[in-house]
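The values are calculated or read from the model by the stated rules, or taken from the named source; none is laboratory data. Fair warning: this is a prediction, and the values are worked out from it, not measured in the lab. Here the Cβ positions follow ideal geometry from the backbone for every residue, glycine too, while neighbour counts run over all protein chains shown. Each accessible area value is taken on the protein alone, full model and side chains, heavy atoms only, with ligands, DNA and RNA left out. Shrake-Rupley method; radii C 1.70, N 1.55, O 1.52, S 1.80 Å.
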Amino acid sequence: MMPSTLFHILLLLAMPPLLLGVINKTKAAFAGRVGAPYLQPYYDLAKLFRKGSVFSSTTTWVFRAGPVVTLAATLIAALLVPLGNHPAIISFNGDMILFAYLFGLARFFTTSAALDTGSPFEGMGAAREVTFACLVEPTLFFILITLARMSKSLSLTPMLIYPSPAVWVSAGASMLLLVGALFVVLLAENCRIPFDDPNTHLELTMIHEVMVLDHSGPAFGLILYGAALKLFVLGAVFVNLALPFKSGNLLVDWVAFVAAMLFLAVLIGVVESVMARLRMVRIPQLLVAATILSAFAMLLIVR
Amino acid sequence: MVALADQLLVLVMLINFIMLGSSRMAFVIRAVAAQGVILGIIPGLLHPFSGHLLIITASIILAKGVVIPYLLNDAVRKAQIRREVEPFIGYVPTLLLGAVFTAIAFVFAQKLPLAPEHRDLLFVPASIATLMTGFLILTTRKKAISQVIGYLVLENGIFIFGLLLTEAMPFMVEAGALLDLLVGIFVMGIVINHISREFSTVDTSQLQTLREE
Amino acid sequence: MVFVWNIGVDPVCSLLWAIALIGLSGLPGLLLKRPGPGQILSVCITTCAALWGMAGVLQILGGAPATRYLLDWPLPFGPSELSVDPLSALFLLPLLLAALCCSLYGLAYLPAASQPAVEKRVTLFSGLLLASMALVLVARDGLLLLIVWEIMALSSWMLLMTDQQDLQVQRAGTVYLLATHTGSMALYVFFALLKGETGSFVFPAAHSLALGGTVTLVMLVAALIGFGAKAGIMPLHIWLPGAHANAPSHVSALMSGIMLKVGIYGIIRAVSFFQQLPVWFGWLVLLLGAVSAITGIALASAQRDLKRLLACSSIENIGIICIGLGMALVGIQSGDRVLAIFGLAGAFIHVINHALFKPLLFLGSGAIIHASGTRQIDRMGGLSRILPRTAPLFLVGSLAICGLPPLNGFVGELFLYFGAFSDGMLADLPVIGFVAPILALVGGLAVITFVKLYGAVFLGVARDPELAHGHESPLAMLLPMGLLAGLCLLAGIGAPLLLQLVAPVVIQYAGVSPLLFTQVTGAVPLQQIALLNGLLLAVILVVWLIWRFLVQRAPVAASSTWGCGYLAPTPRMQYTGSAFSELITGLISGLVGSQGRLSGLSGAFPASARFASVTTERILDQMIIPSLRGADWCLAWLRRMQHGHLHLYILYVFATLFFLMVWSQP
């Protein structure tokens, strides 16, 4: 048990930037470029932690606290998620509610830090971030309720470890709807295409990128790492749901999980290369569509 | 004792007529004060002596005979009224109407199913007659002070009826009635003052111009 | 856990004395000539009385037997009864706390030295308001309740009209008076029917009234309208934003934090009389709660006025409490005890929580208004420099009201989520499962609203350079805010304590055994969440230390905010509060809208133009006002009787009397 838990923690802490690297490599491959090395995000983090900081004169302690609280909340949320077949480090009834609300806490501080700079760019990004996240919340909870009903439990670990090939066969339609809705949630919460373009820094296309425009040095490193960790955590939830493969062997499970996460990163990269960012007015429509999909999945299960 | 009270009620009804026929403000106020004092004495004649009764009698006489006339005179002085303007239907027709109403009151009292001990007394007719006089004053006079006086007469009429009802009236009810009267007069005095200041007249028929249209 | 204090005094008696003292605390100020000592004296009296009362309340919640007191007075309908049971005690606890905090706050907010006449009036009526609210909670018969209900309404109106020269205040006061008396009319119907059916005004024992279908229906609807109008449930909420926004800040805190709860108490008490409720009633309450929650926070997110925003958010919180109540009623109807426990526990915990963080926010708003001189969010900014100690306290309040861990708002919503999930899991009432996404949506909108509020007011730079350059709040204002913020944190981290407080009430009203209660609520992982909250704070500390270490290793510089190369940024370029919420307001334009008027733009080079925009409310503008106008048109013919002739009016009365006299002839 102990080495497995240790590996769980290590994977949790160390793998997230790798996902970003894989996504970038995928996008480069689509564009016919070689692209940055797989480990580039690690080098970026190391560089950022060495750099000096510039703080704007309009900011207060909230600006400095923003990245800190965001990362801390994401770390605690990460403790609640099972990776592959391995249960979460902390698991109890109702932890999924805490999971969702921890992200809410992180969002509160990120957006407050953005408003602290007194710049219209950050304000714009913050406004969009809170609005789209607000539309994502009901989808997430519909998904959670459906999973709770299917797995008859109120904890993330049993809920996510529950889907097995048998479940897919019997409730395939709703599982598919859930997986689709969850993918939309994944992309929306992590500000990937089609909701936001993580590459550009023009105000017209940014949600997340513009909110953190004014952070520098170690704080920006914390933000980058936090974003990668959030992607990893939500990706783990998605992978658990989408891949029902569970063998008894611990090693095989871990390998399968890591491979699945890397595949997810490739998938995100493919989506980013193939689609363009949606027009701002279409994004709420897509989010509401995801809500309706997940509500429909719940109705299918409930019936 | 009841017979004496009965005679005093005749005096009360006479005062009604005096008020209907008079046009001088100060005189009318004195008349209504006198009516109040008489009505304050009557409970003392009807019920056996007790401390409670003494307090009631004293407070009624004080309120109706001293405080209220003082407030009214004060209002009259501030608004500088001397006489009543010609009422809507003239003094003589008002007196005639008062007489008709008093007669109706007596007829009506005969028809009512009263308790045997109250049947031959003047209480019920006097009360209804005073009530109607009060309404008459309220309806036909124009000056605001006259309307206050009409209200006072109305209250007196109700008080006479209340004299019949219980052996010893509960303190709460009487105190409540007295307080209501005092406050009402006080407020009306202030209002009259304000009306006269705003519109430089206390002719209440002019109040129609305030109507929202 | 049972609090047993053998101080030898009957808790109900000490509570009644405390209420009496609080009610009369404004009198010394009236009698003393010099302004100042009277206010301090009233604060001391209120504080001591509140502490004394809270001791009594905790005793009753801990299980001490409550005696009944008879008020034998010469009013008709017999003597009135007063008593305290766990339900009343639960609502009295935040009332006494708020009394303490708000009276202390008033010492610095409305100091007697600067405004002697106003202060005397406010102190007197605050005491009366608190005492009348407490008496509503303590009354055990309808007559006493109606009397103190009226006193409560009138004293809160007097407090509302403190700034009576302001036109907005006058309008808000008129609407408030009309709305509260409409509610009172419904209450008269309710208590009249009660008297008619049971023969007396005394409250029947719980679950003892078994009346016919129609009477029960009418009584329940009357109770819902009467008490719901006071609580601010949609669609009876129209008085709430205006009233709470225009009252002085500590009065708004009392009205929003406590008076709304008195309405909720009334609903619970009225509903508890009946043995058998109609099936649809629980669903109705649930639906009203959901509608209130969503529309309330949607309204709040679009407001530009600081206190109107907080008032609209109170509608949302009342909606959440009603969702809990509705869930509990549905659970009791269908025999689902688990749902009933979760619903009631969530509702009651949220009652306490809301009474902690809403007054905190309103008191903070008072400090903000003092420092900036305005209530318009769009003109503020950068106030955390002027108010360095108020800002973190306000942040605690904002986090708590959004229901974010590690604070107390999360605990109440957790119970409601458990109720929704547990029933979503079982086959019986899966519709309840929809409560969870609704709560999530409401939570998301709350985050929008309070990030907007906190960010636009405290962060950034002042948007209007002519803003009053205020100063930090004095200690008398900071102390109550700090106390409330500390309690929010304590309630969040020590959530099991909250559960202990509401346990007796839930057990009584859900009709369950204490064993079942412990079993069911044991499923809610309060200890683990408390542990994780602590872990969260620890991790925040660790990450912060790491960050500090990294920052101090390298050079740190200060500069102006990066503006993408723009050379002359001004404070006016910041996102204002209404800009922040514009996106969501556009999406929910069915509920709340923004009407803009643009004038002056013409030609190629317009010299100057004006833009004004105002927040509109769809329900009010397109449902309630047109229906009132329709009623007005229907009754217009009655206007002809209002010709303005005073004498004819008196003649009407005389004629009616005369007619009755003739008609009654045998």
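Shielding by partners for C:643-650, please: the mean number of other protein chain Cβ atoms within 10 Å of each residue's Cβ.
6
Compute the long axis of helix A:40-50 from its Cα atoms, compare it with the longest principal axis of the Cα atoms of chain A, and write down the angle in degrees, 0 to 90, nearest 10.
That works out to roughly 50 degrees.
Calculate the length of the line joining the C-alpha centroid of the range C:588-666 to that of the range A:207-226, in whole Å.
54
Put simply, what bits of the range C:545-570 lose 40 Å² or more of accessible area when the other protein chains are there, versus the chain on its own (1.4 Å probe)?
C:Trp547, C:Leu550, C:Ala557, C:Ser559, C:Thr561, C:Trp562, C:Cys564
Could you tell me what percent of the accessible area of the range C:271-393 is made up of carbon and sulfur, with a 1.4 Å probe and every protein chain present?
Within the range C:271-393, the accessible surface is 62 percent carbon and sulfur.
For A:Asp197, which sequence-distant residues (separation of 5 or more, or a different chain) have an amide H within less than 5 Å of its own amide H, given hydrogens modelled in the peptide plane?
Answer set, sorted by chain and number: A:Ile207.
For A:Leu278 and C:Ala612, FRET efficiency with R0 = 30 Å and r from the beta-carbon atoms, rounded to 0.05? Before the final figure, lay out each step's value.
Details: r = 33 Å, r/R0 = 1.10.
The computed FRET efficiency comes out at 0.35.
What's the local net charge at C:Val447, with K and R +1, D and E -1, over the other residues with C-beta under 11 Å away?
Around C:Val447, the surrounding residues sum to 0.
Using r as the Cβ-Cβ distance of B:Ser22 and B:His52, and R0 as 51 Å, what FRET efficiency do you calculate, to the nearest 0.05?
With R0 = 51 Å, the Cβ-Cβ based efficiency is 0.90.
Sort C:Lys33, A:Lys25, A:Lys51, C:Lys195 by heavy-atom solvent-accessible area, probe 1.4 angstrom, most to least.
Order by accessible area, largest first: C:Lys33, A:Lys51, C:Lys195, A:Lys25.
Once you have the Kirkwood Rh of chain C from its Cα pairs, apply Stokes-Einstein at 37 °C and 0.692 mPa s and quote D in µm²/s. Let's see the in-between values first.
Values: Rh = 26.6 Å.
Using the Kirkwood radius from Cα pairs, D works out to 124 µm²/s.
In what order, largest first, do C:Thr518, A:Thr146 sit by accessible area if the probe radius is 1.4 Å?
Ranking C:Thr518, A:Thr146 by accessible area, largest first, yields C:Thr518, A:Thr146.
Calculate one ³J(HN,Hα) per residue across the range C:182-194 by plugging θ = phi - 60° into the Karplus curve 6.51 cos²θ - 1.76 cosθ + 1.60, and present them in order as whole Hz with x for glycine and proline.
4, x, 4, 4, 4, 5, 4, 4, 4, 6, 5, 5, 4
Nearest 20 debye, what's the magnitude of the dipole of the range B:2-206 about its Cα centre given +1 on Lys and Arg Cβ and -1 on Asp and Glu Cβ?
Values: 13 positive and 12 negative charges, 140 e Å.
Approximately 680 debye in magnitude.
With charges only on Cβ, +1 for K and R and -1 for D and E, what is the dipole size of chain C about its Cα centre, in debye, rounded to 20? Each step should come with its number before you reach the end.
Numbers: 31 positive and 24 negative charges, 269 e Å.
That gives a dipole near 1300 debye.
What accessible area per residue, rounded to a whole number of Å², is obtained for the protein assembly as shown using a probe radius of 1.4 Å?
In whole numbers, the protein assembly as shown has 40 Å² accessible per residue.
Quick check: at a probe of 1.4 Å, how many percent of the accessible area of the range C:47-92 sits on carbon and sulfur atoms?
72
Ignore the peptide's own chain and count Cβ atoms of other chains within 10 Å of each Cβ in A:62-71; give me the average, rounded.
On the way: counts 8, 1, 4, 4, 0, 3, 10, 5, 2, 6.
Counting Cβ atoms of other protein chains within 10 Å of each residue's Cβ and averaging gives 4.
Based on the Cβ-Cβ distance from A:Leu176 to C:Ser589, what FRET efficiency comes out when R0 is 30 Å, to the nearest 0.05? It would help to have the intermediate numbers written out before the result.
Working: r = 33 Å, r/R0 = 1.11.
My answer for the efficiency is 0.35.
Nearest 100 Å² is fine: how much accessible area is buried between A and C, summed over both sides, with a 1.4 Å probe?
For A against C, buried area totals roughly 6500 Å².
Ranked highest first by the average count of other Cβ atoms within 10 Å around their residues, in what order do C:456-462, A:10-16 fall? Write down the numbers at each step before the final one.
On the way: C:456-462: 25.6, A:10-16: 16.4.
Per-residue Cβ counts within 10 Å, averaged per peptide and sorted highest first, yield C:456-462, A:10-16.
Could you run the numbers on buried accessible area between C and B, total for both chains, 1.4 angstrom probe, in Å² to the nearest 100? Show your work: numbers first, answer last.
Numbers: alone 30360 and 11350 Å², together 40030 Å².
Separately minus together, C and B give about 1700 Å² buried.
Could you rank the peptides A:133-145, B:143-155 by their average count of other C-beta atoms within 10 Å per residue, with the highest value first?
Going from most to least packed, we get A:133-145, B:143-155.
In peptide C:652-659, how many Cβ atoms from other protein chains are near each Cβ within 10 Å, on average?
3
How about the range A:89-111: which of its residues lose at least 50 Å² of accessible area in the presence of all protein chains relative to their chain isolated, using a 1.4 Å probe?
Buried on complex formation: A:Phe92, A:Asn93, A:Ile97, A:Leu98, A:Tyr101, A:Leu105, A:Phe108.
Could you work out the relative contact order of chain B, using alpha carbon pairs under 8 angstrom and six or more residues apart, expressed as a whole percent?
24
Can you list residues whose amide H is under 5 Å from C:Asp141's amide H, if they're 5+ apart or on another chain and H is modeled 1.01 Å from N?
Amide H neighbours of C:Asp141, under 5 Å, 5+ apart: C:Glu81, C:Phe203.
Highest mean first, how do B:29-36, B:123-130 rank when packing is the count of other Cβ atoms within 10 Å averaged over residues?
The packing order, highest mean first, is B:123-130, B:29-36.
How about the range B:138-158: which of its residues lose at least 20 Å² of accessible area in the presence of all protein chains relative to their chain isolated, using a 1.4 Å probe?
Listed in order, they are B:Leu138, B:Thr139, B:Gln147.
Could you list which residues have their amide H under 5 Å from that of C:Ser594, counting only those 5 or more apart in sequence or on another chain, with H placed in the peptide plane?
HN-HN under 5 Å from C:Ser594: C:Thr616.
Can you pull the percent of the range B:2-206's accessible area that's carbon plus sulfur, 1.4 Å probe, other chains left in place?
That fraction is 71 percent.
Against the longest principal axis of chain A, how steep is helix A:2-14, in degrees 0 to 90 to the nearest 10, with axes from Cα atoms?
With both axes taken from Cα atoms, the answer is about 40 degrees.
Once you put a point 7 Å from the Cα of B:Leu182 and another 7 Å from the Cα of B:Phe199, both along the Cβ direction, what distance in nm separates them?
According to this spin-label approximation, the distance is 3.0 nm.
Using a 1.4 Å probe on the protein heavy atoms only, what accessible surface does C:Arg385 show? Give it in Å² to the nearest 10.
Approximately 120 Å² for this residue.
Towards the positive end of the charge dipole of the protein assembly as shown, with charges on Cβ (+1 Lys, Arg; -1 Asp, Glu), say which of C:Ser155, C:Ile386, B:Ser196 has the farthest Cα.
Result: C:Ile386, furthest along the dipole toward the positive end.
Could you tell me which of the pairs B:Lys64/C:Lys195; B:Lys111/B:Lys143; C:Lys230/C:Lys358; A:Lys51/A:Lys230 are separated by over 28 angstrom between their Cα atoms in the structure shown?
Among B:Lys64/C:Lys195; B:Lys111/B:Lys143; C:Lys230/C:Lys358; A:Lys51/A:Lys230, the Cα-Cα distance tops 28 Å for B:Lys64/C:Lys195; B:Lys111/B:Lys143.
Using a simple spin-label model with points 7 Å from Cα along the Cα→Cβ vector, what separation in nm is obtained for A:Lys152 and B:Ile158?
For the pair A:Lys152/B:Ile158, the computed spacing is 7.4 nm.
Ignoring everything but the protein chains, give the 1.4 Å probe accessible area of A:His215 in square angstrom, nearest 10.
20
Which values of log₁₀ I(q)/I(0), to two decimal places, follow from the Debye formula for the protein assembly as shown at q = 0.09 Å⁻¹ with a uniform point scatterer at every Cα?
With no solvent term, the Cα-only Debye profile gives -1.12.
With a cut-off of 8 Å between alpha carbons and a minimum separation of six or more residues, what is the relative contact order of chain A in percent?
Values: 431 pairs, mean separation 91.7, N = 303.
Value for chain A: 30 percent.
Note the direction-averaged projected area, equal to a quarter of the hull surface, for the Cα convex hull of the range B:1-145, in nm².
9.2
How far is helix B:2-21 tilted, in degrees, relative to the longest principal axis of the Cα atoms in chain B, given as a value from 0 to 90 rounded to the nearest 10?
10
Starting from the Cα-Cα distance between C:Cys44 and C:Ser114, subtract it from 0.36 nm times their residue separation and give me the gain in nm to one decimal.
Roughly 23.2 nm would be gained on extension.
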